[in-house]
1. With every protein chain kept in place and ligands, DNA and RNA left out, what is the accessible area per residue of the range 107-174? Probe 1.4 Å, answer in Å².
2. Please return the longest range in the chain lying between exposed loop sites, taking GluC sites (Glu not before Pro), DSSP loop only, at most 11 other beta-carbon atoms within 10 Å, and leaving the sites out.
3. Take the solvent-accessible surface of the protein heavy atoms, probe 1.4 Å, and return the percent of it on the chain that carbon and sulfur atoms account for.
4. State the volume of the convex hull built on the alpha-carbon positions of the range 1-61, expressed per residue in Å³ and rounded to an integer.
5. Solvent-accessible area per residue for the range 41-90 at a 1.4 Å probe radius, Å²?
6. Could you check which residue among GLY89, GLY42, GLY103 shows the biggest mean-square fluctuation in a GNM of the chain with a 10 Å Cα cutoff?
7. Let me know the charge dipole size of the range 1-112 about its Cα centre in debye, to the nearest 20, where only the beta-carbon of Lys, Arg (+1) and Asp, Glu (-1) is charged.
8. Specify the residue with the greatest mean-square fluctuation among PHE149, PHE94, PHE188, computed from a Gaussian network of the chain linking alpha-carbon atoms under 10 Å apart.
Amino acid sequence: MNHNRMKIYAEIYPYSKKDSLLDEIESISQFDGIDIPDNPLGYPTMSPEVIAYIIKNYYDNKDIIINQRLKDINELKLRSLIKTAKFLGVSMAFTLGDDPKYGISVNDVDSLKAFEIAHKRHLRAGLILSLRKPESLIRERLKTRADFFLGTNFDGLTFYNDERIIPYIIIETEKNRNIIRSMRQHSFNLNEVYDLFYILDYSAVLLSCPGDFESLSFIINRL
């Protein structure tokens, strides 16, 4: 399988309950890296920077990516978070994010400007790349200097020859079916994920199984 030379990232949920968060962190030992969303779907959660700090205390050698929302913050806050990420030794992927469930959208900085600020601060930084967009827009996005792209809406059919792309693979199980269907993104069942690893030819992939992290541990042990 190609995965022998492929980094495998796991997305964790930023639990507010300490026991749930620590259980999740202890389950990720076999993954090469971790992706931490920031207020997913616009709901308040634990700060991803705090979670990254905790993970660093468990596993100092793992790559960590923070998916930094931009709708909720101004440029000053962004610059502070970039300094925090540099201090922690983690990467950032910039996304506008969903509308906040509380308060208003700030919309002070877009993802390209955020990337340029991070790039000038020598922070490893990436962008979201929707693989559902027209090919011309995808090619245009790939012209940016981003260190990596999280490839959302990945369907396993369309491939781009750019080693910076990290396909965002969403996994549907019996436990999380209702959550996945509310997201309206392409997803794979467990058997499809195993088959996918025979044909994937990327330097890294990101596995996300919202609401069912136990299945991620099961998958990594099968690969």
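1. I get 52 Å² per residue for the range 107-174.
2. Longest stretch, sites excluded: 1-162.
3. Taking all protein chains in place, the chain shows 48 percent carbon and sulfur surface.
4. Spread over its residues, the Cα hull of the range 1-61 gives 91 Å³ apiece.
5. I get 50 Å² per residue for this part.
6. Of GLY89, GLY42, GLY103, the most mobile in the Gaussian network model is GLY103.
7. 260 debye
8. Fluctuation is largest for PHE188.
The values are calculated or read from the model by the stated rules, or taken from the named source; none is laboratory data. What you are looking at is a predicted structure, and each value in this text was computed from that prediction instead of being measured. In this analysis, Cβ positions are derived from the backbone assuming ideal geometry, glycine residues included, and neighbour counts consider all displayed protein chains. For the accessible areas, the whole protein counts, side chains as well, though only heavy atoms, and no ligand, DNA or RNA atoms are used. Shrake-Rupley method; radii C 1.70, N 1.55, O 1.52, S 1.80 Å.
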